[in-house]
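Remarks on the structure that follows.
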Amino acid sequence: MKKICVIGGGAAGMACAVLLSRKGYSVTILERGDRLGRKLSATGNGQGNVTNIHMGPEYYFSDDPEKVGRILSRYPWESTVGFLESMGGIFLPDTRGRVYPASRQASAVTDLFRREIGNAGVDVVFGAQVSSVAYDGVFRISWGGGQMCADATVLAAGGKAAKHFGTDGSAYALAEKFGHTVTPLSPALVQLKCDPKEIRGLRGIRTEAGLTLVRGGKEVCRTRGDVLFTESGLSGDAVFRASSYVQRGDTVCLDFLPSVPAERVREAAERGGLLCIVNNGLGRMLAAKRDAVGLVKGFPLTVTGTLGFDYAQVTRGGIPLGETDDSLMSRKRGGLFFAGEILNVDGVCGGYNLQWAFASAHAVAEGI
Ligand SMILES: Cc1cc2nc3c(=O)[nH]c(=O)nc-3n(C[C@H](O)[C@H](O)[C@H](O)COP(=O)(O)OP(=O)(O)OC[C@H]3O[C@@H](n4cnc5c(N)ncnc54)[C@H](O)[C@@H]3O)c2cc1C
């Protein structure tokens, strides 16, 4: 029986292990932490937004969008739901198309994987931080205190975002040993920083807003959704989406009433100020400025940076897709595969990154 080593017990690694064990392979997961799926358990604000019914390569950033499209079309969102439900549970889309477990508990999705992996007899080694992968006819994988041989190796060790879940970017070096490159890395789906003076008194206020990102007077992106004022800047859905495009020095322009024309806001404000127009705390802050009503429809903030990798949900960049074939096998070393965030693929907010983790795991399992 062929022996497969999966490095990393996150969403992609666990999905690979389940799919490969169902095909009859002997699978070992090497996980540096003491639990499987720690990051998966934290997804979707703890509710587990596993995929999205609006799916396609246009929701992803990568060096090869066509390959992303081919992999997603071989494994659409319905396949993710089918795969998860084959282990148990019911998965349902919300009104925005985001798919969650009916229980709205991300940790329960991880529990499905843990149970399946246990039942399938997948070998799991915890505390196994892989430090070297070599090949001399078989793969020889080493970690502090252990080593194993395998016929094929899947590198599913994640990216560099949110290192408290075990991903500090050190696993890229394992691929570099085989001649792979790593594209420039940056944090994505991350809070934006701005001058604290510009948002004084707004901390904790959450509001629906239209958000336009502007660079050098030109619109870079426009989105709409939740915006949360934090101590150092902005968070929320709309902000995460814009963070995929942001550069230091850009302007974020917030429209606190995107579906109401400026004229109607002005007339209402002349009758009764900003009460029942915007959040009271926000209204008080705007009222102290010149043209408060104008600011309701266009509140500009200069982006001074992001909170960085530690606070990001995903990594922009990674092993180029161009260095792999359509089953995500390395073009440098046959038998070495990649799945999940370690690759140069990241999606926008809304279940796209887990969809990539599952779709890429499927491509790898089919390839093996
Ligand atoms: C707070 C938060 C919320 C999120 N919410 C969503 C969401 O709602 N929807 C969505 O689609 N995406 C979401 N994401 C992104 C998504 O979770 C990730 O893109 C996805 O988990 C990546 O899966 P992965 O298996 O590639 O990597 P990971 O899940 O990061 O797993 C990698 C694993 O490899 C292990 N590892 C690393 N190096 C080594 C090594 N050298 N040896 C052995 N093991 C190693 C790590 O410990 C880790 O367990 C969120 C991310 C965060 C941080």
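Our summary of shape: the Cα atoms of the chain have principal axis extents of 78, 40, 36 Å, ordered from largest down, in whole angstrom.
Bridges between two residues of the chain, per DSSP, are antiparallel at a rate of about 75%. Working note: Karplus 6.51/-1.76/1.60 with θ = phi - 60° gives segment 126-134 the couplings 8, x, 9, 7, 5, 10, 7, 10, 10 Hz, where Gly and Pro are set to x. To the nearest ten degrees, helix 65-74 and the longest principal axis of the Cα atoms of the chain are 70 degrees apart.
Could you check which residue among E263, E341, E78 shows the biggest mean-square fluctuation in a GNM of the chain with a 10 Å Cα cutoff? So, out of E263, E341, E78, the one fluctuating most is E263.
Using the Karplus relation 6.51 cos²θ - 1.76 cosθ + 1.60 with θ = phi - 60°, the per-residue 3J(HN,Hα) values for segment 181-195 come to 9, 10, 5, x, 9, 8, x, 10, 6, 9, 5, 9, 9, 9, 5 Hz, with x marking Gly and Pro. Across T167, T28, T95, mean-square fluctuation computed from a Gaussian network of the chain (C-alpha pairs under 10 Å connected) peaks at T95.
Taking amide hydrogens as placed 1.01 Å from N in the peptide plane, the amide H of I29 sits under 5 Å from those of V6, D123, V124, V125, each at least 5 positions away in sequence or on another chain. Here segment 225-290 has 48 percent of its accessible surface on carbon and sulfur atoms, given a 1.4 Å probe and all protein chains in place. For segment 229-324, the list of trypsin sites (Lys or Arg not before Pro) that fall in a loop by DSSP and count at most 16 other C-beta atoms within 10 angstrom reads R248, K289, R290.
Less than 5 angstrom separates the built amide H of G305 from those of K193, G249, all sequence-distant by 5 or more or on a different chain.
Remark: the R248-A120 segment gains 41.3 nm on full extension, using 0.36 nm per residue and subtracting the alpha carbon distance. Near the amide H of N52, within less than 5 Å, lie the amide hydrogens of V99, all on another chain or at least 5 residues away, with H placed in the peptide plane.
Couplings 3J(HN,Hα) for segment 347-356, derived from phi with the Karplus relation 6.51 cos²θ - 1.76 cosθ + 1.60 (θ = phi - 60°), are x, 6, 6, x, x, 6, 6, 5, 4, 5 Hz, where x marks Gly and Pro. First measure r as the distance between the Cβ atoms of T95 and T183, then evaluate 1/(1 + (r/R0)^6) with R0 = 45 Å and state the FRET efficiency to the nearest 0.05. Efficiency for this residue pair is about 0.80.
Pairs of alpha carbons in segment 194-279 separated by more than 23 Å make up 27% of all such pairs. Summed over qualifying helices (DSSP H, 4 residues or more, each -39500 (n - 2.57)) and divided by its residue number, the chain shows a 222 nm mean residue ellipticity of -8000 deg cm²/dmol.
Can you order the peptides 15-27, 213-225, 147-159 by their average number of other Cβ atoms within 10 Å per residue, highest first?
Ranked by mean Cβ neighbours within 10 Å, highest first: 147-159, 15-27, 213-225.
Exceedance of the 23 Å cut-off in Cα-Cα distance is limited, within the set K160/K218; K3/K23; K160/K193; K197/K289; K39/K332, to K160/K218; K39/K332.
As an exercise, identify the trypsin sites (Lys or Arg not before Pro) in segment 156-212 lying in DSSP coil whose Cβ has no more than 15 other Cβ atoms within 10 Å. Those that pass, being in a loop and sparsely packed, are K177, R200, R203. Solvent-accessible surface of segment 232-359, taken per residue with a 1.4 Å probe and all protein chains present: 39 Å². For the residues D325, D291, a 1.4 Å probe over the protein chains yields an accessible-area ranking, largest first, of D291, D325. Available extension along the chain between A287 and K332 is 10.1 nm, counting 0.36 nm per residue and deducting the alpha carbon span.
The values are calculated or read from the model by the stated rules, or taken from the named source; none is laboratory data. Here the structure is a predicted model, which is why all the values come from computation and not from measurement. Note: ideal-geometry Cβ built from the backbone for every residue, glycine included; neighbour counts use all protein chains shown. Just the protein is used for accessible areas: all its heavy atoms, side chains included, with ligands, DNA and RNA removed. Shrake-Rupley method; radii C 1.70, N 1.55, O 1.52, S 1.80 Å.
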